[in-house]
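Working notes for the structure below.
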Amino acid sequence: HQFLSSCFYVPIVIQAKMYMLGNLTERWNKRGGYVVGNPILDYGDIGREDESLFPLEYHWDYVSGAHDEHYVAFSTLNRDGTFNITKMVRSIEAIQNLSTTRTNYTLFVRGLPGPCSTPFMDVNHQIFQVPTWPNNSQPKTPDGLKSAASQLIDLTLAPFLLVVKPNVWWSYSWFYDLAAGWVTCPSAPETCTAPDNWYPEFDRPLGKPHGPAVRNGTVYTRQFEHASVYVNLKDRTASKITWKTV
């Protein structure tokens with residue numbers, strides 16, 4: 001896969017690449033060939049504010065997936081860690097619309113514990129890095145990071161459940177290094193940030209949704225067969241999942 005970001009490529013170069021790929025795909029198709037896999041996985045913030053600089057219409061038809069790294073983190077948060085309501089509404093609606101209109105499209109939504117932003121912090125003598133929280137308030141040790149990831153999972157999982165569909169996927173870790181939360185490390189607990197007991201939420205039956213998320217002002221709710229989801233964009237810490245007895 002090739003990853004593109006407007007942070008690294010000027011818009012005109014991106015536009016040229018998309019036209020090139022589209023033209024190449026068309027020529028291959030006319031010759032009886034086909035493009036295998038995903039030629040480009042769009043990377044960044046789905047529904048981001050600077051769409052005029054990186055217009056979606058130039059490349060959506062040439063890709064088969066997108067990665068939103070900023071959902072409930074980074075650019076969708078204010079400097080104090082609260083939701084940027086305008087950006088969160090834009091992100092929620094963009095993911096909902098794209099996953100509905102492009103059912104053959106795969107969306108990958110990135111989840112991070114707490115109000116993650118930059119700069120990054122070295123953990124355990126630079127074994128790996130994690131994003132920081134406002135005022136450098138994030139835990140500083142592997143044990144603290146494990147505890148926070150476990151305690152705060154609903155604050156990230158609940159907003160994801162507002163947009164989840166069969167073609168919308170989610171991950172949850174502090175960052176991309178394997179040690180940053182992707183697997184447990186019971187034999188060497190100081191070398192990773194995944195909770196030793198993993199996440200009980202991942203074993204709970206969710207069931208089918210009763211419908212899409214319902215918005216009432218800044219409050220979003222969604223009902224599933226075995227859970228109720230609540231998110232208030234005025235209070236990031238109020239997000240919750242109420243699991244029903246099965």
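The values are calculated or read from the model by the stated rules, or taken from the named source; none is laboratory data. Predicted, not measured: the structure shown is a model, and the values here were computed from it. Glycine gets a Cβ as well: all are built from the backbone with ideal geometry, and neighbour counts include every protein chain shown. Note: accessible area is taken over every heavy atom of the protein model, side chains too, but ligands, DNA and RNA are not part of it. Shrake-Rupley method; radii C 1.70, N 1.55, O 1.52, S 1.80 Å.
A quick yes/no check of all residues on (1) within 16 Å of the chain's Cα centre (by Cα); (2) over 20 Å from A148 (Cβ atoms); (3) among the polar types (S, T, N, Q):
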residue	(1), (2), (3)
H70	yes, no, no
M88	yes, yes, no
Q96	yes, yes, yes
L107	yes, yes, no
R110	yes, no, no
C116	yes, no, no
N124	no, no, yes
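Among the conditions (1) over 23 Å from H70 (Cα atoms); (2) in contact with a Ser or Thr (Cβ under 7 Å, 6 or more places away or on another chain); (3) surrounded by fewer than 16 Cβ atoms within 10 Å (Cβ to Cβ), T141 misses just one, which is (2). Consider region 215-225 and keep the residues that are open to solvent by 40 Å² or more (accessible area, probe 1.4 Å) and part of a loop (DSSP other than H, G, I, E, B). The one that is farthest from V72 (Cα to Cα) is E225.
Exactly one residue out of T237, T193 is part of a strand (DSSP E or B), in contact (Cβ under 8 Å) with a residue 60 or more places away in the chain, over 27 Å from T100 (Cβ atoms) and in contact with a Leu (Cβ under 9 Å, 6 or more places away or on another chain), and it is T237. Answer yes if at least one residue in region 200-214 is small (G, A, S) and open to solvent by less than 10 Å² (accessible area, probe 1.4 Å), and no otherwise. Checking region 200-214: not a single residue is small (G, A, S) and open to solvent by less than 10 Å² (accessible area, probe 1.4 Å). For region 88-107, the criterion of a residue being under 20 Å from A179 (Cβ atoms) and either among the basic types (K, R) or not in a loop (DSSP other than H, G, I, E, B) (or both) is satisfied by no position.
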